[in-house]
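Reading through the structure tokens given below for one structure.
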Amino acid sequence: MSRAFRVFVFAVPVVLALAAASAAQEDPAATLRGLAGAAFEIAFMQKMIIHHEMAVEMAKVARERASRAELKTMAESIIVDQGKEIDQMTAWLKDWHGAQRTPMDHSVMQEMDREMAALKAAGGDEFDRKFAEAMIVHHQAAIDMARLVADRAGRDELKTLAQGIIAAQSREIDQMRRWLQAWGPPADTAQQPTVRRTPLTWLAAAVVVAIIVVGWRRRRVRSKGAAAPGSP
């Protein structure tokens, strides 16, 4: 077995593991699916508090920078409603489980910084669209987490809050989608869409590179063998 092929065999599972870890970071609900009872309630509330905090920070930017009054109104509603839910879940963590809210980890902070930088770099119609598109994705992640509560949590109060999150954020997603449709295409229709680099994108690229390297090494070995003098 050639050295290049051994590297390829070793690299593929490593890349797969990294891709899986990255996908788990992108899916806040991933780590909740294997939990139940008190462990689930603690993890859910801690994650949802952080998720809400991110939404509130985005909405504060929209309250100041959005060009459309309806978007400013929705941003204010997000700030107020999710702020109340943050306070409620913080109290439940302490009262029910003697637990505390957790700070954002490094990867979440990086994601938040990227989202905020993209929003702050935009203005006018471009900002409105970027905010709506980003908040739709953010809301959907919250809904995915909240849908796990009914079968995994024991507290009725938490189940009621989760249903409220699903209902409110589903309505807001529908509203933002209607707005995006009503606003029509962006003014700069010539701008090319940005390709998002997902874990699978990097995995595919790594595998292609490894295959190219292995093929090149094999051709080189065969070429050397053909050039060598024959045995007597």
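The values are calculated or read from the model by the stated rules, or taken from the named source; none is laboratory data. This is a predicted model, so every value here is computed, not measured. Reconstructed Cβ throughout: ideal geometry from the backbone, glycine too, with neighbour counts over all protein chains shown.
Determine whether the range 166-177 contains at least one residue that is β-branched (Val, Ile, Thr), surrounded by 12 or more Cβ atoms within 10 Å (Cβ to Cβ) and in contact with a His (Cβ under 9 Å, 6 or more places away or on another chain).
For the range 166-177, residues β-branched (Val, Ile, Thr), surrounded by 12 or more Cβ atoms within 10 Å (Cβ to Cβ) and in contact with a His (Cβ under 9 Å, 6 or more places away or on another chain): present.
Can you say whether ILE42 is of a type in the set (Val, Ile, Thr) and over 20 Å from MET109 (Cβ atoms), as far as the supplied structure shows?
In short, yes.
Here's the yes/no breakdown for (1) buried (at least 18 other Cβ atoms within 10 Å of the Cβ); (2) under 27 Å from PHE131 (Cβ atoms):
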position	(1), (2)
GLU41	yes, no
LYS47	yes, yes
HIS51	yes, yes
MET58	yes, yes
ALA69	no, yes
THR73	no, yes
ILE78	yes, yes
GLN82	yes, yes
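What helices (runs of 4 or more DSSP H) completely inside the range 54-155 contain at least 2 residues that are at pLDDT below 95 and closer than 16 Å to ASP27 by Cα?
Values: elements: 69-97, 106-120, 124-146, 149-152.
Output list reads 106-120.
Residue-wise test of (1) closer than 30 Å to ARG178 by Cβ; (2) surrounded by 17 or more Cβ atoms within 10 Å (Cβ to Cβ); (3) among the acidic types (Asp, Glu); (4) within 19 Å of the chain's Cα centre (by Cα).
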| position | (1), (2), (3), (4) |
| --- | --- |
| THR90 | no, no, no, no |
| LYS94 | no, no, no, no |
| ALA99 | no, yes, no, no |
| MET116 | yes, no, no, yes |
| ALA121 | yes, no, no, no |
| VAL137 | yes, no, no, yes |
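State the number of residues belonging to the range 163-191 that are in contact (Cβ under 8 Å) with a residue 40 or more places away in the chain and among the aliphatic types (A, V, I, L, M).
5
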